[in-house]
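What follows is a set of notes on a single structure, which appears directly below.
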Ligand SMILES: C[S@@+](CC[C@H](N)C(=O)[O-])C[C@H]1O[C@@H](n2cnc3c(N)ncnc32)[C@H](O)[C@@H]1O
């Protein structure tokens, strides 16, 4: 049988995983506000059991563990060996959290075990999201809650739209399928609702949550712009588009992206709006 989500397994155990680990502290800082909004929507209570999907380096799992306390439990699941390695290294000994390398959409999970299905930007990468959510639902108790944060469309997210627009004409254009596994595959609110409904969830609510966060930072304006360009080349969709391009194309792309970010630069940071959905739902009570 073909491996589920094989492309993502390869990517997150290869270049994407390695780059994410290298930039983990600042990626966590950028994602913190969005993860916190999803945790508030999940409203974890003392003693509850939480399944954290695509937990990466584990920051959200640790935040959830602090909320459920010693009597609760958090299982962080991720397909990336390097990211789970980092999560284990960062986790304090005395916290009720466990990390596991597994494909959340197909791996064996304890049945009817969890009060909350949670994710911070980790559920947009399944080849077959409906099957994956139906699979994960079986790990939930009757009446369990779902809360996750995911990106809205690329057109609303300037941290990707600006550099992507800037490289048009330098890199041959691609027309990616907006529903293909990737960070923006849950951008269409209607599609997210349909996936969760087909997977058996009820009480689905999908609300926008926007915030402006520093994308590049430095001691000077120029250093901040350089930092934003570096981030763009290291993580996210543009890094994948440019990965196999020759050096001269990468140099031209870098100059164009730099010019695009310069228009947003302040004294020491490049502030960029980010647009997400906070999604909540329920596993039916019986
Ligand atoms: C954008 S990163 C977010 C990581 C982390 N939640 C955070 O906020 O820092 C997406 C994560 O989803 C993981 N992922 C992708 N597909 C997965 C799958 N099928 N099962 C489990 N994890 C998956 C990736 O390995 C990656 O760590």
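Note on segment 224-249: residues that are without any contact (Cβ under 8 Å) to a residue 12 or more places away in the chain and within 14 Å of residue 263 (Cα to Cα) amount to 0. Of the helices (runs of 4 or more DSSP H) lying entirely inside segment 186-268, those containing at least 1 residues that are closer than 25 Å to residue 25 by Cβ span 221-234, 237-242, 247-262. For segment 160-171, indicate whether the set of residues that are within 13 Å of the ligand (Cβ to nearest atom), crowded, with 21+ Cβ neighbours inside 10 Å and within 30 Å of residue 271 (Cβ to Cβ) is non-empty. Scanning segment 160-171 turns up at least one residue that is within 13 Å of the ligand (Cβ to nearest atom), crowded, with 21+ Cβ neighbours inside 10 Å and within 30 Å of residue 271 (Cβ to Cβ). Residue 84 meets each of the listed conditions (1) near the ligand (Cβ under 10 Å from one of its atoms); (2) under 18 Å from residue 204 (Cβ atoms) apart from (2). Within segment 261-274, restricting attention to residues that are within 18 Å of the chain's Cα centre (by Cα) and surrounded by 20 or more Cβ atoms within 10 Å (Cβ to Cβ), the residue that is nearest to residue 156 (Cα to Cα) is 274.
Reported count of residues in segment 118-140, each being in contact with a strand residue (DSSP E or B) (Cβ under 6 Å, 6 or more places away or on another chain) and either part of a strand (DSSP E or B) or more than 14 Å from the ligand (Cβ to nearest atom) (or both), is 4.
Note on segment 71-117: residues that are in contact with a strand residue (DSSP E or B) (Cβ under 8 Å, 6 or more places away or on another chain), surrounded by 21 or more Cβ atoms within 10 Å (Cβ to Cβ) and closer than 19 Å to residue 24 by Cβ amount to 10.
Might you let me know whether segment 101-114 holds any residue that is more than 9 Å from the ligand (Cβ to nearest atom), out of contact with any helix residue (DSSP H, G or I) (no Cβ under 7 Å at 6 or more places or on another chain), closer than 25 Å to residue 41 by Cα and in contact (Cβ under 8 Å) with a residue 60 or more places away in the chain? There is at least one residue in segment 101-114 that is more than 9 Å from the ligand (Cβ to nearest atom), out of contact with any helix residue (DSSP H, G or I) (no Cβ under 7 Å at 6 or more places or on another chain), closer than 25 Å to residue 41 by Cα and in contact (Cβ under 8 Å) with a residue 60 or more places away in the chain. One residue is enough: does segment 201-214 have a residue meeting the conditions in contact with a helix residue (DSSP H, G or I) (Cβ under 6 Å, 6 or more places away or on another chain), at pLDDT below 95, under 21 Å from residue 183 (Cβ atoms) and buried (at least 18 other Cβ atoms within 10 Å of the Cβ)? For segment 201-214, residues in contact with a helix residue (DSSP H, G or I) (Cβ under 6 Å, 6 or more places away or on another chain), at pLDDT below 95, under 21 Å from residue 183 (Cβ atoms) and buried (at least 18 other Cβ atoms within 10 Å of the Cβ): absent.
Scanning segment 55-70 for residues that are surrounded by fewer than 24 Cβ atoms within 10 Å (Cβ to Cβ) and in contact (Cβ under 8 Å) with a residue 60 or more places away in the chain yields a single hit, 59.
Residue-level analysis places residue 48 outside the set of residues that are farther than 19 Å from residue 152 by Cα, at pLDDT below 95 and away from the ligand (no atom under 11 Å from the Cβ).
The values are calculated or read from the model by the stated rules, or taken from the named source; none is laboratory data. These numbers were taken from a predicted model, which means no experiment stands behind them. Here Cβ is always computed from backbone atoms with ideal geometry, including for glycine, and neighbour counts include all displayed protein chains.
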